[in-house]
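Participant: Handing you a structure now.
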Amino acid sequence: MSKKLVILGAQWGDEGKGKIVDLLSERFDISVRYQGGSNAGHTVVINGVKYIMHLLPTGILHPHNIGVIAQGMVVDLKALQDEIADIEAKGNPIFNKLYISDRAHVVMPYHKLLDKLLERKNGVGTTLRGIGPAYMFKFMRKGIRVVDLFDSTIFEKKLAENIEFVKDVAEKVFGERFEIDYRYIEEEVLKPFEKLKERVIDTAKFLRENTKSVIFEGAQGTLLDIDMGTYPYVTSSNSSALGLANGTGLSPKYFRDAQIYGVAKAYLTRVGGGPFPTELHGEEAERLREKGGEYGATTGRPRRVGWLDLVALKHAVDVNGLDGIILTKLDVLDGYSEIKVCVAYEYNGKIYEEFPASLEVLENCKPIYETLPGWEGSTQGITDISQLPTNARKYLEFIENYIGVPIVMLSTGPQRHEYLFLKEIV
Ligand code: IMP
């Protein structure tokens, strides 16, 4: 029997996937990242050592676990080299158990420049890691793939075409002079590639041949999915389960027997621009942000915060076909006398119980809340269901009843041991 588990974000990213994936991946042989790039930032603390994973799957930190960077990712090779070096400097040798897809696209220095220029007009609030432009080049059919770096003639031809295009865009659209500095290409692409190239393989083939025990780690979250999220305030990949097949190069049939769990916070956060119906402001927001330590792992930006939005969470359950939810940071709600949860939106006199496609509706709707009583005492660090205060249990039941799938696991604090299973999942 093969064991396949998918863990992905059920909200706008930053749900605390790092810790969950760290815990669960210990039980798997292979971990796979399949979309996005160094825009992700998964924080894990193992034996008191803190790691922030941007490109690598978190599971690779376990000595027996092989890590795969699959074809759907856009890879900043210098960032990858630095990330590997950082982990190895902490005494964890991982290089020889990493595979990088030959079909993955390379994030080039000029993609980061374009990210900055495009942000001036778009205001999505991207991480400026060149993710959108790298995918833009991929879909324009001008992208440079890892495999292209093995052949300098192909690489140089593509590079010259890319540079001409970037020059045109920078100068004609943004009125900025653009001169390529080849030292950047050397330092950020070619030299790192020389170091990494021995780890490059056809990862789809590898995964087809090694199906026994694989965990797939989604980055960002379902509401940032290019197709199913709050478009255009999204990332440029399929960060929901929709990205699994194209991101890995595996047939949808491969995932038939996979279990898929979504990680969600007990409240809600987002970084960057875009609609957020349950967003809090002022003192209320400050209180939640401080209690939750809501500052970005990749950019350090303060996160926007708000109440749990069940309309959005149900959307994530449906889009991904989730088998259940892993709920994090419940303890941040300790001490609240009342907790609100959004159960519908109202816009122009119409009630929405389904997550709307329209940005106009999402931006201007009024959340309809149920108010639930808070709980006495602390859920911080509890590891046993019997320690859960009655009202906290009621909060979980309310969520489950609304979304129609169980909460299978709770994370109750930042430490590795602070969790409990409500249902055995692996
Ligand atoms: P990009 O992925 O850098 O293009 O940014 C697009 C949007 O996705 C912005 O709102 C970012 O803040 C958001 N985003 C990208 N990666 C993450 C992540 O790992 N966690 C949370 N938000 C993210």
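Any read-out appearing in this document is the output of simple, stated calculations on the displayed coordinates, not a laboratory observation. These numbers come from a predicted model, not from an experiment. Virtual Cβ from ideal backbone geometry, glycine too; neighbours counted across all protein chains shown.
Participant: Mind pulling the per residue volume of the convex hull built on the Cα atoms of the stretch 105-195? Å³ is fine.
Facilitator: Value for the stretch 105-195: 91 Å³ per residue.
Participant: On to the next question. Could you list log10 I(q)/I(0) for the chain at q = 0.06, 0.08, 0.11, 0.14 Å⁻¹, which the Debye formula gives when each Cα is one point scatterer?
Facilitator: -0.24, -0.44, -0.82, -1.29
Participant: Okay, moving on. Relative to the longest principal axis of the chain, what angle (0 to 90°, nearest 10) does the C-alpha long axis of helix 152-168 take?
Facilitator: 70
Participant: Identify which of Ile326, Ile385, Ile215 has the largest mean-square fluctuation in a Gaussian network model of the chain, with springs joining Cα atoms closer than 10 Å.
Facilitator: Result: Ile385 has the largest fluctuation of those listed.
Participant: If you stretched the chain out fully between Glu164 and Glu283, how much longer would it get, using 0.36 nm times the residue separation minus the C-alpha to C-alpha distance? Show your work: numbers first, answer last.
Facilitator: Details: separation 119, 0.36 × 119 = 42.84 nm, distance 4.97 nm.
Full-extension gain reported as 37.9 nm.
Participant: Oh, and also: I need Arg393, Arg177 ordered by Cβ neighbour count within 10 Å, fewest first.
Facilitator: Final ranking by Cβ density, sparse to dense: Arg177, Arg393.
Participant: Based on the Cα gyration tensor of the stretch 264-421, what are the three equivalent ellipsoid semi-axes, each the root of five times an eigenvalue, rounded to whole Å and given largest first?
Facilitator: Rounded to whole Å, the semi-axes are 25, 19, 15.
Participant: If I model a spin label as a point 7 Å beyond the Cα along the Cα-Cβ vector, how far apart are those points for Glu198 and Glu156 in nm?
Facilitator: 2.7
Participant: Where the only charges are on Cβ atoms (+1 Lys, Arg; -1 Asp, Glu), what is the dipole of the stretch 264-421 about its Cα centre, to the nearest 20 debye?
Facilitator: Taking the Cα centre of the stretch 264-421 as origin, the dipole is about 340 debye.
Participant: What value, in deg cm²/dmol to 500, does the helix sum -39500 (n - 2.57) over DSSP H runs of n ≥ 4 give at 222 nm once divided by the residues of the chain?
Facilitator: -8500 deg cm²/dmol
Participant: If you don't mind, another one. Between Asn210, Leu250, Tyr233, whose Cα lies farthest towards the positive end of the dipole of the stretch 179-259 when Lys and Arg beta carbons carry +1 and Asp and Glu beta carbons carry -1, centred on the Cα centre?
Facilitator: Farthest towards the positive end: Asn210.
Participant: Given charges of +1 on the Cβ of Lys and Arg and -1 on the Cβ of Asp and Glu, with all other atoms neutral, how large is the dipole of the stretch 105-195 about its Cα centre, in debye to the nearest 20?
Facilitator: Dipole of the stretch 105-195, to the nearest 20 debye: 360 debye.
Participant: Also, I was wondering about something else. Report the Rg/Rh value for the stretch 178-300, based on alpha-carbon coordinates and the Kirkwood definition of Rh.
Facilitator: 1.07
Participant: Another question about this same structure. Under a Cβ-only charge scheme (Lys and Arg +1, Asp and Glu -1), can you give me the dipole magnitude of the chain about the Cα centre, in debye to the nearest 20?
Facilitator: 760
Participant: Same structure again: Computed FRET efficiency, Cβ-Cβ of Thr371 and Ser2, R0 41 Å: what is it to the nearest 0.05?
Facilitator: 0.35
Participant: So for the stretch 1-91, considering every pair of alpha-carbon atoms, how many percent are separated by more than 21 Å?
Facilitator: Counting every Cα pair in the stretch 1-91, those more than 21 Å apart make up 26 percent.
Participant: Of Lys138/Lys366; Lys116/Lys253; Lys157/Lys253; Lys19/Lys423; Lys19/Lys314, which pairs sit farther than 28 Å apart, going by alpha carbon to alpha carbon?
Facilitator: Values: Lys138/Lys366 38 Å; Lys116/Lys253 39 Å; Lys157/Lys253 37 Å; Lys19/Lys423 18 Å; Lys19/Lys314 23 Å.
The answer is Lys138/Lys366; Lys116/Lys253; Lys157/Lys253.
Participant: Which net charge results when you count Lys and Arg as +1 and Asp and Glu as -1 among the other residues whose beta-carbon is under 13 Å from that of Asp202?
Facilitator: Residues near Asp202 contribute +3 overall.
Participant: If you don't mind, another one. Run the simple label-point estimate for Ile385 and Glu424 please: 7 Å along Cα→C-beta, distance reported in nm.
Facilitator: For the pair Ile385/Glu424, the computed spacing is 1.3 nm.
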